Amino acid sequence: MPEWEPYEADLDRTLVTRFSVAERVQHIVLMASFTILIVTGIPLLFWDTPAIRIFGGIFSVRTSLHRVAGSVLGLLAAYHVLYALFTRQGRRDFARIVPRAQDLRDLVHHVRYQLGMADEPPPFAKFDPFEKFEYFAVVWGSAVMVATGLMMWFFEATLQVFPKWVYDLVLMIHGYEALLAFLAIILWHLYNVHLKPGVFPMSRVWLDGKLTLRELKRHHPKEYGRWLRQQRIQRVSEVPDNEA
Ligand code: HEM
C-alpha cells in the first residue's frame, strides 16, 4: 500500500508521460508505412477475385508505393534498434518490455481474475504481458517482412543463390504473414488500445504520449506505485535545506 495517495480529483487532472516524442514519431511512421503496405499488398493475395480490380490500382503506382513504404519500414526498424541501444529512454523502456517469469504469473492471475476466481486484477507494470507480446510480434514480423520483401524485390539475385522452392516459400511467408499482421492489428491491437472498456472511444497516448493518473492506476498499478514513490522522493528533495 503506498504511503500517500493523490486527491481523487487529481487522478483526472494529473497527466503522466508514457511515451516520449521519439517513440510517438516512430509509432506514427510505423502506422503510415504499415497502412500503405497493407493497402498496396493485400489486393495481390486476391488476384483472381474482383477485389483486385477494385483495390489493385495501377500496377506501377501500387508496386512503387509498396517498395517505398517497405523501405521506410526497414529504415524505421534500423532506427528503432539504434534507439533501443543508444538512448537512455530507449534502453530503459526496452529493459521493461523484455518478458520475465513475472509475466507468466501475471497472465495466470489475469485469467483467474477474468473468471472471477481472484478479487483484484494483476498489478501490471509499464508493459503488461499482452503489450510485450504485441511488441515482439511487430519486431519479429517486421524482420520477416523486410527480409522476404527484399528477396522478392531482388528476385534475380535471390534465384541465383537459392533454389526455386525457397523463393516460392518466401512468397508464401510474405503473403500469409501480411494477412496475419493485418488481422492482428484490426482485431486485436485496435480493440486493446482504443475500444476496450475504460478506454473507448480512443486513447490519446499515441498523440500526446500522456495518461491520466487514473488510467495509470487502473491499467498499470505497479507503474502507478513507482510514480508515487518518485513523487515522494522529489517532494523530500524539494524541501529547502533550512526546513529539512
Ligand atoms: C507489414 C509489411 C508488409 C505487408 C503487409 C506486405 C504485404 C504484401 C503482400 C500481401 C504481397 C503479395 C504477396 C503475394 O503475391 O503472395 C506483397 C508483395 C511484395 N512485397 Fe510486401 N508487404 C510488407 C512489407 C514489405 C517490405 C518491407 C518490402 C520490401 C522491402 C516488400 C516488398 C514486396 C515486393 C517486392 C512484393 C512483390 C509484389 C510487388 O512488387 O508489388 N513488402 N507484400
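Nothing in this text is a laboratory measurement; each read-out follows from the coordinates by a stated rule. Quantities reported herein were computed from a predicted structural model and do not represent experimental measurements. Cβ placement follows ideal geometry from the backbone for every residue including glycine, while neighbour counts extend to all protein chains displayed.
Between Tyr113 and Phe136, the simple spin-label model (points 7 angstrom out along Cα→Cβ) gives 2.1 nm. Remark: relative contact order (the chain) = 31 percent; criterion is Cα-Cα distance under 8 angstrom and separation of 6 or more residues.
Among the GluC sites (Glu not before Pro) within the stretch 96-175, not one is in coil by DSSP while having at most 14 neighbouring Cβ atoms inside 10 Å. Of all the options Asp168, Asp106, Asp93, the one that moves most in a Gaussian network model of the chain with Cα springs shorter than 10 angstrom is Asp168. Candidate cross-link partners of Lys210 among the lysines, defined by an alpha-carbon separation under 23 Å and a same-chain spacing of 8 or more, comprise Lys126, Lys132, Lys196, Lys222.
Sorting 7-14, 135-142 by their mean Cβ neighbour count within 10 Å, with the most densely packed peptide first, gives 135-142, 7-14.
Every Cα-Cα pair of the stretch 1-99 was included, and the share exceeding 20 Å stands at 60 percent.
When the Cα positions of His66, Pro163, Gly90 are compared along the charge dipole of the chain, Pro163 comes out farthest toward the positive end, with charges on each C-beta of Lys, Arg, Asp and Glu. Here the extension length gained between Phe200 and Glu177 equals 5.4 nm, from 0.36 nm per residue of separation less the Cα-Cα distance.
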